[in-house]
Amino acid sequence: MQEQLDIFLHNRDLMLRNDVIAALRSRNGTAGRKTLTLLSAEFPGDSLLAPLEILLNALGAPVERFLDHRDTAKAIVNVDTVVTPAANQVFGDKEAHAWLAPVWQTLANSASGLPYNGETPHTHAASIYLQGGDWAAAQIQGASI
């Protein structure tokens with residue numbers, strides 16, 4: 001007797017992965033974290049576990065004012081080298097850019113109290129707003145330079 005393939009049973013990993021991605025798209029960190037826990041318990045070798053974790057961490061990062069340009073630069077490097085590649089892997093380049101826009105906006109808001117520093121111009125809020133594609137906010141911030 002031949003065993004019938006149960007597409008729901010054999011695609012549970014895909015279903016769980018898609019549920020985490022849907023939670024990320026709706027920016028629901030609680031639901032994403034819950035489903036990621038299931039995915040990692042049932043499919044510990046899934047190739048998207050690490051990128052999904054990175055994105056959930058970025059989504060749930062507390063919003064705090066940066067005290068100096070060094071902290072701002074570290075956060076920018078993290079988004080550039082860790083969060084952006086994870087978003088590209090999970091969503092693809094085009095959707096990743098849109099998903100990252102609020103991450104950049106949060107980062108820019110956190111840097112908005114810092115004055116312009118010619119040695120690290122990329123740490124000014126205007127530059128960070130540009131990373132997220134918020135031209136209007138960048139123009140407002142740029143006017144204060």
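Taken as Cα centroids, region 13-41 and region 75-124 sit 23 Å apart, rounded to the nearest whole angstrom. Note on the chain: helix-only mean residue ellipticity at 222 nm, from DSSP H runs of 4+ residues weighted -39500 (n - 2.57) and normalised by residue number, equals -19500 deg cm²/dmol. Between the helical axis of 49-59 and the dominant principal axis of the chain, each derived from Cα atoms, what acute angle in degrees is found, rounded to the nearest 10? Compared with the principal axis, the helix lies near 40 degrees. Ranking Pro121, Leu39, Ala23 by Cα position along the charge dipole of the chain, where only Lys, Arg, Asp and Glu carry charges on their C-beta atoms, puts Pro121 farthest toward the positive end. In this entry, region 39-81 is assigned a mean projected area of 3.8 nm², taken as a quarter of its C-alpha convex hull surface.
Using a probe of 1.4 angstrom and keeping all protein chains present, the accessible surface of the chain works out to 60 square angstrom per residue. Quick check: the angle from helix 12-25's long axis to the longest principal axis of the chain, C-alpha only, nearest 10 degrees? Value to nearest ten degrees: 20. Ranking Ser110, Ile76, Ala98 by how far each Cα lies toward the positive end of the dipole of the chain (charges on Cβ) leaves Ser110 at the top. Taken about its Cα centre, region 3-113 carries a charge dipole of roughly 400 debye when the Cβ of each Lys and Arg holds +1 and the Cβ of each Asp and Glu holds -1. Taking all C-alpha pairs of region 63-126, those more than 19 Å from each other amount to 32 percent.
The values are calculated or read from the model by the stated rules, or taken from the named source; none is laboratory data. Given the structure is predicted, the values throughout are model-derived calculations rather than measurements. A quick note on method: Cβ atoms are made from the backbone with ideal geometry, for glycine too, and the neighbour counts reach across all protein chains shown. With ligands, DNA and RNA removed, areas are computed over all heavy atoms of the protein, side chains included. Shrake-Rupley method; radii C 1.70, N 1.55, O 1.52, S 1.80 Å.
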